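Any read-out appearing in this document is the output of simple, stated calculations on the displayed coordinates, not a laboratory observation. Note that the structure is a prediction, hence the values are computed from the model and not measured. Neighbour counts are summed over all protein chains in view; Cβ atoms, including those assigned to glycine, are modelled from backbone coordinates with ideal geometry.
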Amino acid sequence: EAKKSGRNTQKFFDPVMQQTLDARVALEHSLLKALPNNEFKLYYQLQVDHDARPVGVEALIRWMHPERGLVPPMEFIPLAEEIRLIVPIGKWVLETACAQLKAWESTDIANALSIAINVSAYHFQQSNFVDELKTITNHYGVSPNKLKLELTESIVLGDLQDAIVKMEQLKALGFILSMDDFGTGYSSLSYLRRLPFNQLKMDRSFIMNALENANDSFLIQMVTSMAEQFGMDVIAEGVETEQQQQHLIKLGCKAFQGYFFGRPMPINELEAVLKRSN
Ligand code: C2E
Ligand code: MG
Ligand code: MG
Ligand code: MG
């Protein structure tokens, strides 16, 4: 018994573990202040057609930490989900994107573009999610068909029927629904049949090796034609070279996103790029 608790005590004071705990507590503490301190920023990455013409952008959140500088989303979104801060953060993303869409309406460089936003499963699963979207787009006077919601298949992990009902409601309101990271989950195919997505976003892991890997190419071709059968369009993410894009075009892909067309960038840079490409 003494030995047992001795071991536990030792484990508790493990300096590495303690450091990890301290770091997490510190991160959590500063994350709680990020929204009121206005430390989040949206970056935008172009989405283009086969002629590299911009058709939309994806909004990607960045955290400008006062001491640590720019913190990438993978380092704080999972924590934000854990402590449920993802709902107010998601709402901020939505409002910022809507304000941007409204501002673009009166320009000729961006009035046709849609904005895609990433929605966390926990946020989507809130009972008032559809109402919140309706209220915010109404408030900003933004047409829902300019807003694309990128959802992952994890939205169905709770209640599949509830997810389908919400998606149908969102579609009826005019929102565009895109299945993000397609190909990384477990049951993509069976869900795809039942979930009313407008678009399927093929994960970068598919695209990465397609030029060298005949199996990956075959999968892309299969997914593209299957999506077409289901009435969905397909966008490829993580396109880094022109050869990749040409290859994807041959496989039936019609929309693209990736470093080859532009990195995620702050709004002023994006607008400069759009002006030049106009
Ligand atoms: P995602 O939605 O799948 O976004 C694509 C990620 O791939 C982005 O990373 C983007 O910068 C990166 N990327 C784009 N093109 C290329 C390329 O050609 N090569 C490579 N290597 N990478 C490329 P980022 O911005 O770090 O975002 C990571 C993830 O964080 C996103 O994955 C998304 O799941 C999440 N995320 C980002 N913003 C938000 C947000 O506002 N809300 C929520 N809930 N999640 C977000
Ligand atoms: Mg995304
Ligand atoms: Mg993705
Ligand atoms: Mg991804």
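Computed over the chain, relative contact order equals 18 percent, with contacts defined as Cα pairs under 8 Å that lie 6+ residues apart. Descending by average beta-carbon neighbour count within 10 Å, the peptides 171-184, 218-231 line up as 171-184, 218-231, the highest first. Tally Lys and Arg at +1 and Asp and Glu at -1 over the other residues with C-beta under 13 Å from the C-beta of Gly258: what net charge comes out? Within the 13 Å Cβ shell, the charges total -2. Direction-averaged projected area, Cα convex hull, segment 78-143: 4.6 nm², rounded to one decimal. The simple Förster model, with R0 at 25 Å and r as the Cβ-Cβ distance, assigns Glu242 and Leu219 a FRET efficiency of 0.70. Using a/c under 1.5 as the rounded threshold, could you call segment 137-208 rounded, prolate or oblate? The axes a ≥ b ≥ c are square roots of the C-alpha gyration tensor eigenvalues, and prolate needs a/b larger than b/c, oblate otherwise. Since a/c reaches 1.5 but b/c is at least a/b, the shape of segment 137-208 is classed as oblate. One chain, two ends: His139 and Lys254. Fully extended at 0.36 nm per residue, the span grows by 38.1 nm beyond their Cα-Cα distance. Judged by the ratio a/c of the largest to the smallest principal axis of the C-alpha gyration tensor, segment 28-78 counts as prolate, that ratio being 1.5 or greater while a/b is larger than b/c.
In summary, the aspartates and glutamates within cross-link reach of Lys250, defined as a Cα separation below 20 angstrom excluding same-chain residues under 8 places away, comprise Asp49, Asp51, Asp203, Glu212, Asp216, Glu228, Asp233, Glu237, Glu240, Glu242. Model label points for Asp49 and Asn37, set 7 angstrom from Cα along the Cα-to-Cβ axis, are 4.5 nm apart.
At q = 0.10, 0.12, 0.15, 0.17 Å⁻¹, what log₁₀ I(q)/I(0) does a Debye calculation on the Cα points of segment 43-157 give, no solvent, two decimals? With no solvent term, the Cα-only Debye profile gives -0.33, -0.47, -0.73, -0.91. Measuring r between the beta carbons of Lys275 and Ala23 and using R0 = 35 Å, the FRET efficiency lands at 0.25. Scattering from segment 165-250 was approximated by placing one identical point on each alpha carbon and applying the Debye formula without solvent; log10 I(q)/I(0) at 0.14, 0.20, 0.26 1/Å stands at -0.49, -0.91, -1.36.
Each label was represented as a point 7 Å from its Cα along the Cα-to-Cβ direction; for Glu168 and Leu79 these points are 4.1 nm apart. Taking the alpha carbon gyration tensor of the chain, multiplying each eigenvalue by 5 and rooting it gives semi-axes of 34, 24, 21 Å, largest first. Return, ordered by residue number, the residues of segment 229-247 whose backbone nitrogen is under 20 Å from a label point located 7 Å along Cα→Cβ of Arg194. Residues 230-232 fall inside that zone.
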